Amino acid sequence: MKRFLSAAVITVSMLLTGCATTYSSQVSVFHEWPQDNHDKSYILERLPAQENNPEYKFYEEELRAQLGLHGFKEIVVGATPSLKIGMQYGTSISELQYTSPWHPAMYDPYWGMHFRRAYLYDPYFPFYGRRLSGPMDISVTRYYLHQLEIEISDFANNKKLASIKVSSEQRDPEISKQMPYLIESALQGFPGKNGSTTTVELPLNKDNK
């Protein structure tokens, strides 16, 4: 029994900590991309809050590079583009709580309580059915949901041609390390199937772990 439990703990730990070699994300695509549109000239459109944001401008360079790989060309000064492209991004916190596999009752979904060590109620103790056993270690792992949205519109009439949303849950809270993967994932197979949500796997760059 002890050997089985030890093996279970190791397996759960490997699954949760992971030895990932790919970057996984969910990509949702909605578009009305014209089949005969060969003009992919564009400008990048910034929201007022992005105009003086050095972080946003840094990510713009990654977006430019990826757009270039898909045949998009940023216009030169004085030319009129066919498209305008904008992006927004953000990170929110999500939490995964787990314990030893044979004591799942330590997680309290109602109160959302977080324990490192706690005592368990044992209903099988023969004296009046009450006993506090333990202590037992409980691990809490925090994950971060990184999200990116890219919108492409017709420059002349402002008609939205494509909306691409990408999300990936990672243990690293730094979105700066996620953005190259998120942008590349968003443009994989562009424009893609309208109304689809797919899982995109990219090779993991060890320098960006």
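Scanning the range 155-174 for residues that are open to solvent by less than 60 Å² (accessible area, probe 1.4 Å) and under 16 Å from residue 26 (Cα atoms), we see that the one that is nearest to the chain's Cα centre (by Cα) is 168.
What number of residues in the range 65-81 are within 22 Å of residue 156 (Cβ to Cβ) and in contact (Cβ under 8 Å) with a residue 12 or more places away in the chain?
To start, the set of residues in the range 65-81 that are within 22 Å of residue 156 (Cβ to Cβ) comprises 67, 70-81.
Adding the requirement that they be in contact (Cβ under 8 Å) with a residue 12 or more places away in the chain leaves 67, 70-75, 79-81.
Total meeting the criteria: 10.
A search for C-beta distances below 9 Å between a residue of the range 173-197 that is assigned to a strand (DSSP E or B) and any residue that is not hydroxyl-bearing (Ser, Thr, Tyr), counting only pairs 6+ apart in sequence or on different chains, returns 196/27; 196/29; 196/30; 197/26; 197/27; 197/29; 197/165.
Restricting to the range 144-154, and then to whatever is crowded, with 18+ Cβ neighbours inside 10 Å and at pLDDT 95 or above, can you tell me which residue is nearest to residue 187 (Cα to Cα)?
Going through the range 144-154, the residues crowded, with 18+ Cβ neighbours inside 10 Å turn out to be 144, 146-148, 150, 152-153.
If we keep only those that are at pLDDT 95 or above too, we end up with 146-148, 150, 152-153.
Numbers: 146: 16, 147: 14, 148: 12, 150: 9, 152: 12, 153: 15 Å.
Per the stated criteria, the residue is 150.
Do the conditions hold for residue 62, that is, is it modelled with pLDDT of 95 or more, in contact with a Pro (Cβ under 7 Å, 6 or more places away or on another chain), surrounded by 12 or more Cβ atoms within 10 Å (Cβ to Cβ) and over 15 Å from residue 151 (Cβ atoms)? It is true that residue 62 is modelled with pLDDT of 95 or more, in contact with a Pro (Cβ under 7 Å, 6 or more places away or on another chain), surrounded by 12 or more Cβ atoms within 10 Å (Cβ to Cβ) and over 15 Å from residue 151 (Cβ atoms).
The values are calculated or read from the model by the stated rules, or taken from the named source; none is laboratory data. Note that the coordinates shown come from a computational prediction; the quantities given were computed from them, not determined experimentally. Note that we place each Cβ from the backbone using ideal geometry, even for glycine, and neighbour counts take in every protein chain shown. Just so you know, the surface numbers come from the protein's heavy atoms only, side chains and all, with ligands and any DNA or RNA stripped out. Shrake-Rupley method; radii C 1.70, N 1.55, O 1.52, S 1.80 Å.
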